[in-house]
Amino acid sequence: MRILWAHGDLFIQDLAKYYPDPKPHHNTLATQLGFLEEKGYVAREKFANAYRYHALVPESDFAGQAVDLLVQKFYDSSYARMVSRFVKEEKMDLAELKALIAEIEREG
């Protein structure tokens, strides 16, 4: 998805150029794009005997949906539990949490 967001519409062979070595096989990319298409994240357009793919979902929406799914699956739909884990595991310190709360209060 990041490659499509960064570079726009691409054929599989062009998409592969943006991967580091060893590059994934054409069939692997086609399978991954098929999954993304089934989920409504990408669409394809036929050109002769090849397909050109493009993102249907903006990066910010995709990220939001991914976070929502993560919170639902691992934190019983509680964002507070997720943030609490960050603090407990020292991935976010208390000062950062307080700054975040202050920012939310200012914007709210």
Fluctuation leader among 67, 87, 57 - the chain, Gaussian network, Cα springs under 10 angstrom:
87
At a Förster radius of 30 Å, what calculated FRET efficiency corresponds to the Cβ-Cβ distance of residue 45 and residue 69, to the nearest 0.05?
0.60
Take every Cα pair under 8 Å in the chain that's 6+ residues apart, average their separations, divide by the length, and report that relative contact order as a whole percent.
20 percent
The aspartates and glutamates whose Cα lies under 12 Å from the Cα of residue 23, excluding any fewer than 8 residues away in the same chain, are 14
Report the Stokes-Einstein translational diffusion coefficient (µm² s⁻¹, integer) for the chain, Rh taken as the Kirkwood radius over Cα pairs, at 37 °C with viscosity 0.692 mPa s.
195 µm²/s
Just add up the charged neighbours of residue 76: K/R +1, D/E -1, any other residue whose Cβ is under 14 Å from the Cβ of residue 76.
+2
Can you tell me the length gained on complete extension of the stretch residue 99 to residue 83, counting 0.36 nm per residue apart and subtracting the Cα distance?
4.4 nm
Set of lysines with alpha-carbon distance to residue 88 below 23 Å, sequence-local pairs under 8 removed
73, 98
Report the extension gain between residue 106 and residue 92 in nm, rounded to one decimal, defined as 0.36 nm multiplied by the number of residues separating them, less their alpha carbon distance.
3.0 nm
With N set to the residue count of the stretch 59-107, report its C-alpha Rg divided by 2.2 N^0.38 Å to two decimal places.
1.26
Run through the stretch 50-106 and list the trypsin sites (Lys or Arg not before Pro) located in a DSSP loop whose Cβ has at most 16 other Cβ atoms within 10 Å.
91
So for 93, 14, 21, fewest C-beta neighbours within 10 Å to most, what's the order?
21, 93, 14
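Every number here is computed from the coordinates shown, using simple stated rules; none is lab data. It should be emphasised that the depicted structure is a prediction, and the values quoted were computed from it without experimental measurement. Here the Cβ is made from the backbone with ideal geometry for all residues, glycine too, and neighbour counts use every protein chain on show.
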